[in-house]
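Here's the structure we're looking at; comments come further down.
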Amino acid sequence: MTKHYILNLDPAAKYEWDRCTLRDPITAEHPALAELVARAVGERAGSYLVAIKIEVNVLEEAAISSKPLAPMTEVPSRVQMPQLVELVA
């Protein structure tokens, strides 16, 4: 069974849990590795001693940008319309 995940290594991440993450490329969810192993044994009740082989092939690499993102600017939610003056005849 071959599964594809995105591994993100960022030693400068603000939080420790963001320094090394593994995510599904489509849903961005963390993989449920225990569920994958359960499917491999047929999801039959019981306790199993299992050997798991992990083979990693890097398919594509993208460097993490070191430059900070541009500061966010506030965008008005409503554009100011010119006031119309009522003409009295």
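Can you give the FRET efficiency for Ser47 and Tyr15, using 1/(1 + (r/R0)^6), R0 = 35 Å, r = Cβ-Cβ distance, to the nearest 0.05? Rounded to the nearest 0.05, the efficiency is 0.50. The alpha carbons of the stretch 1-67 give a radius of gyration and a Dmax of 15.3, 51 Å, in that order.
Residues in the stretch 22-31 carry Karplus couplings, in order, of 10, 9, 6, x, 9, 9, 6, 7, 6, x Hz; the curve used is 6.51 cos²θ - 1.76 cosθ + 1.60 with θ = phi - 60°, and Gly or Pro positions show x. What the phi angles of the stretch 39-47 give under the Karplus curve with 6.51, -1.76 and 1.60, with θ = phi - 60°, is a coupling list of 5, 5, 9, x, 6, 7, 4, x, 10 Hz, glycine and proline written as x.
With the charge dipole of the stretch 1-67 set up from +1 on Lys and Arg Cβ and -1 on Asp and Glu Cβ about the Cα centre, the Cα lying farthest toward the positive end among the listed residues Ala62, Pro25, Val50 is that of Val50. In a fully extended conformation the segment linking Asn8 and Gln83 would gain 21.8 nm over its present Cα-Cα distance, using 0.36 nm per residue.
The chymotrypsin sites (Phe, Trp or Tyr not before Pro) of the stretch 11-71 meeting both criteria, a DSSP state outside H, G, I, E and B (loop) and at most 14 other C-beta atoms within 10 angstrom of the site's C-beta, are Tyr15, Tyr48. Taking Cα centre as origin and charging only the Cβ of basic (Lys, Arg, +1) and acidic (Asp, Glu, -1) residues, the dipole magnitude of the stretch 1-67 rounds to 100 debye.
Read the figures in this text as sums done on the coordinates, not as results from a lab. All values derive from a computational prediction rather than experimental measurement. Note: ideal-geometry Cβ built from the backbone for every residue, glycine included; neighbour counts use all protein chains shown.
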